[in-house]
Ligand code: COA
């Protein structure tokens, strides 16, 4: 499928989704959000796609935020709708995506860009990356999940500081804050991220989907994550992947998961 603002390519079960508006530092306009939703919805059904790497084109930015030019004249109702629609179509959709989504942060990840990276299941940054939620400098609060996901990742005090100061932190600070899992050089970012995807691909993706649901349950209001884990654990026993994984282990061979 052809997109105006995305490059979507598949190679050996890894789907590369690259946000491609470099002249606007890959800022998320409405059209890009719609295209990202479509790309992820297709990837959900596509049997070839097992892991998704999300990144930005060019050397400067992952995503420099939501496209400010699109909402500068919005009313409170329109603003609320923008946040609700974006969260449902993209940010929550990615966070609850049944296949692993890794954000490869190759430069600025600001506002909606950092919110998108935080919606991914985990993050790897290159050493030139800069991250922040500068919305209060525009008279806004983060609206794509940033007030919720940033404290979950870095802790309340650090999130308060980052959001109140509207400041940026560099990749190494983000690593110390647990906002990203690894930092690489710019040139190593994709290879390192692919290495991580390859490790994931060796495992049962049926079980990984169950793990995503169980981990996310911890962050859902009114849901007991331990109960969710017990349910998911039990369900695994009825899968072909479980049969293959355990019999491969017991017969000392590598598992070849049917769900792969
Ligand atoms: N929305 C719309 N356009 C954006 C954008 C955004 N969030 N971020 C960058 N752009 C555009 C700029 O307007 C500029 O377009 P132009 O060349 O047509 O004028 C282009 O991208 C390049 O950005 P520029 O500001 O010239 O680059 P820079 O290197 O001087 O600064 C940043 C880089 C990231 C510091 C700066 O672009 C910035 O502060 N962006 C906004 C970040 C933000 O507040 N995001 C949260 C939005 S809720």
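The values are calculated or read from the model by the stated rules, or taken from the named source; none is laboratory data. No experiment lies behind these values; they were computed from the predicted model shown. All Cβ positions, glycine included, derive from the backbone under ideal geometry; neighbour counts span all protein chains shown.
Mind listing just one residue for me: the one in the stretch 118-131 that is assigned to a strand (DSSP E or B) and surrounded by 23 or more Cβ atoms within 10 Å (Cβ to Cβ) and, of those, farthest from the ligand (Cβ to nearest atom)? Before you say what the answer is, go through the steps one by one.
To start, the set of residues in the stretch 118-131 that are assigned to a strand (DSSP E or B) comprises 122-126, 130-131.
So of that shortlist, the ones also surrounded by 23 or more Cβ atoms within 10 Å (Cβ to Cβ) come out as 123-126, 131.
On the way: 123: 18, 124: 20, 125: 15, 126: 15, 131: 11 Å.
Checked the stretch 118-131; the qualifying residue farthest from the ligand (Cβ to nearest atom) is 124.
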> Got at least one residue in the stretch 47-68 being more than 16 Å from the ligand (Cβ to nearest atom), without any contact (Cβ under 8 Å) to a residue 40 or more places away in the chain and more than 21 Å from residue 148 (Cα to Cα)?
Replying inline: yes
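When you look at residue 77, is it modelled with pLDDT of 95 or more, more than 18 Å from the chain's Cα centre (by Cα), surrounded by fewer than 19 Cβ atoms within 10 Å (Cβ to Cβ) and assigned to a helix (DSSP H, G or I), yes or no? Don't jump to the end; show me each part of the working.
On the way: modelled with pLDDT of 95 or more: yes; more than 18 Å from the chain's Cα centre (by Cα): yes; surrounded by fewer than 19 Cβ atoms within 10 Å (Cβ to Cβ): yes; assigned to a helix (DSSP H, G or I): yes.
Taking the combined requirement at face value, the residue satisfies it.
Of all the residues that make up the stretch 176-186, how many are touching a residue at least 24 places away in the same chain (Cβ under 8 Å) and more than 10 Å from residue 127 (Cα to Cα)?
Of the residues in the stretch 176-186, the ones touching a residue at least 24 places away in the same chain (Cβ under 8 Å) are 177-186.
Among the residues that remain, those that are also more than 10 Å from residue 127 (Cα to Cα) are: 177-181.
Qualifying residue count, the stretch 176-186: 5.
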> Of the residues 196, 131, 190, which single one is within 19 Å of the chain's Cα centre (by Cα) and under 30 Å from residue 234 (Cα atoms)?
Replying inline: 196
>> Checking residue 245 against (1) on the phi > 0 side of the Ramachandran plot; (2) in contact (Cβ under 8 Å) with a residue 24 or more places away in the chain, only one condition comes out false. Which one?
In response: (1)
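Mind checking which residues of the stretch 134-162 are within 12 Å of the ligand (Cβ to nearest atom) and either surrounded by fewer than 20 Cβ atoms within 10 Å (Cβ to Cβ) or part of a helix (DSSP H, G or I) (or both)?
To start, the set of residues in the stretch 134-162 that are within 12 Å of the ligand (Cβ to nearest atom) comprises 134-144, 146.
Once the filter is applied, which keeps residues that are within 12 Å of the ligand (Cβ to nearest atom) and either surrounded by fewer than 20 Cβ atoms within 10 Å (Cβ to Cβ) or part of a helix (DSSP H, G or I) (or both), the stretch 134-162 yields 134, 135, 136, 137, 138, 139, 140, 141, 146.
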